[in-house]
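Take a look at the structure set out below.
The values are calculated or read from the model by the stated rules, or taken from the named source; none is laboratory data. Because the structure is predicted, anything quoted here is derived from the model rather than measured. Cβ: placed from backbone, ideal geometry, glycine included. Neighbour counts: every protein chain shown.
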């Protein structure tokens, strides 16, 4: 494991079942195995190191290269093909330097899984500028995670999973591994659009969706507008950011027979907490700890925070990465001070939250996103969730902008593209301002900007840092309207 031995098994057990489908292209399990085996053999015959930087657009070719690269002792880094050439070159250079410094064993013979404790993946953290950090993942961390996630989300060989985002993103790359591990079919899109996603759902008889909330809202709304329901979809797995009640309601209208799961995790931590969405509580409650995981919320002094008290979320469990290959600035991924990183240490990515009396985790945002205005902490996710009740899902992104008196002001970016055809920017602004009047004074936006597009990371998550940059740089994509 993590999934090459399973791919071998399914290639024998169900050779002609589709393993990977991207647009009109598809590979069966036996075709994927054979293509990846040939690709791995060519690399071994060349004498090249067992390390690959994969730069490939969404397609079956990416799946072949990924499987070939991580077989045996191989290690892969998958870059987003849409990145600028200079950024991809910088990542390749750093990855090559990292690989050269490793004491890499001789490549394992044959198309099989390597040793459990060995590194197989350099995961690239998303960022808004500069070269992204790279964390290392062991085969064992994915093996343990794949076994639990398949069980928790009920993935079976009969499933067909659509992950409509870039295959290079960690959530979608994991969904590919999950499908190959369980003998189910993985579906992606050459280029995302709501219509392309709806076509795949119908044409490929999709039973599961794995996607971020912003994409779920876009697909569900388009499906309702076009009169196309969710078809055979019985499971929706949503992560990457908060799942607002409005998006959940929209998804339930569109896919009334689907069980909707929401989980919180991080690339460096893996799964942290999960639940069936909307059961027992709404935002910001995610749910209890994911199977195999322990959660501890700590204050700035490192001590355990009381029930309902916000602090940094620490995690202990088998899914945590091994740390950074490069880019470790000591701010993004840390062990609990005083704990032993070589043992069962607690780790954090500095997301903030609290646990309730039932032990469920509530996530209120990342520390780096937090707005400090007049000495008071404001979590932008909470303000977004409040304003979305009036404006609609996926219409509001909140960030802090510099202010000489207060330190920061609360600014809101408004986007009509997901508000439905009837809402103008003026109507959106009026709805938000009216609703904001009922918020505590420190949470009310004092500036509003009309957005020509949503500020998103490459994987479709809201990027508050990007909104901050647009505002500070007077980018045309963010126009001041109040």
Would you mind stating whether residue 39 is under 28 Å from residue 190 (Cα atoms), in contact with a helix residue (DSSP H, G or I) (Cβ under 8 Å, 6 or more places away or on another chain) and at pLDDT 90 or above? yes
Just the residues that are closer than 12 Å to residue 23 by Cβ and touching a strand residue (DSSP E or B) at 6+ places or on another chain (Cβ under 9 Å), please, taken from the stretch 166-196. 187, 188, 189, 190
Output the number of the condition that residue 246 fails; it satisfies all remaining conditions of (1) closer than 30 Å to residue 147 by Cβ; (2) surrounded by fewer than 22 Cβ atoms within 10 Å (Cβ to Cβ). (1)
Selection within the stretch 357-374 - more than 22 Å from residue 463 (Cα to Cα), surrounded by 13 or more Cβ atoms within 10 Å (Cβ to Cβ) and out of contact with any strand residue (DSSP E or B) (no Cβ under 6 Å at 6 or more places or on another chain): 374
Quick one: is residue 52 out of contact with any helix residue (DSSP H, G or I) (no Cβ under 9 Å at 6 or more places or on another chain), outside any loop (DSSP other than H, G, I, E, B) and free of Cβ contacts under 8 Å to residues at least 40 places away in the same chain? no
Residue that is touching a residue at least 40 places away in the same chain (Cβ under 8 Å) and within 24 Å of residue 2 (Cβ to Cβ), where the choices are 385, 305, 274: 274
Any chance you could count how many residues in the stretch 183-211 are surrounded by 24 or more Cβ atoms within 10 Å (Cβ to Cβ) and touching a residue at least 60 places away in the same chain (Cβ under 8 Å)? 5
Okay, helices (runs of 4 or more DSSP H) sitting entirely in the stretch 155-267 with 3 or more residues that are over 17 Å from the mean Cα position of the chain (by Cα) and within 21 Å of residue 64 (Cα to Cα), I get 170-182
Flag for residue 445 being in contact with a strand residue (DSSP E or B) (Cβ under 6 Å, 6 or more places away or on another chain), crowded, with 16+ Cβ neighbours inside 10 Å and not assigned by TED's automatic domain parsing to the domain that holds residue 224: yes
Would you confirm, using the coordinates I've provided, whether residue 272 is within 21 Å of residue 123 (Cα to Cα) and outside the structural domain of residue 133 (by TED's automatic domain parsing)? no
Given (1) over 30 Å from residue 172 (Cβ atoms); (2) assigned to a helix (DSSP H, G or I); (3) out of contact with any helix residue (DSSP H, G or I) (no Cβ under 9 Å at 6 or more places or on another chain), where does residue 432 come up short, assuming only one miss? (3)
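Rundown of residues vs (1) in contact with a helix residue (DSSP H, G or I) (Cβ under 7 Å, 6 or more places away or on another chain); (2) modelled with pLDDT of 95 or more; (3) not in a helix (DSSP H, G or I), yes/no style:
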{"site": "2", "(1), (2), (3)": "yes, no, yes"}
{"site": "7", "(1), (2), (3)": "yes, yes, no"}
{"site": "33", "(1), (2), (3)": "yes, yes, no"}
{"site": "61", "(1), (2), (3)": "no, yes, no"}
{"site": "97", "(1), (2), (3)": "no, no, no"}
Go through (1) in contact (Cβ under 8 Å) with a residue 40 or more places away in the chain; (2) surrounded by fewer than 15 Cβ atoms within 10 Å (Cβ to Cβ); (3) more than 25 Å from residue 446 (Cα to Cα) for residue 353 and report which single condition fails. (2)
Suppose we keep only residues that are at pLDDT below 85 and surrounded by 24 or more Cβ atoms within 10 Å (Cβ to Cβ) within the stretch 389-429. Which one would you say is farthest from residue 217 (Cα to Cα)? 391
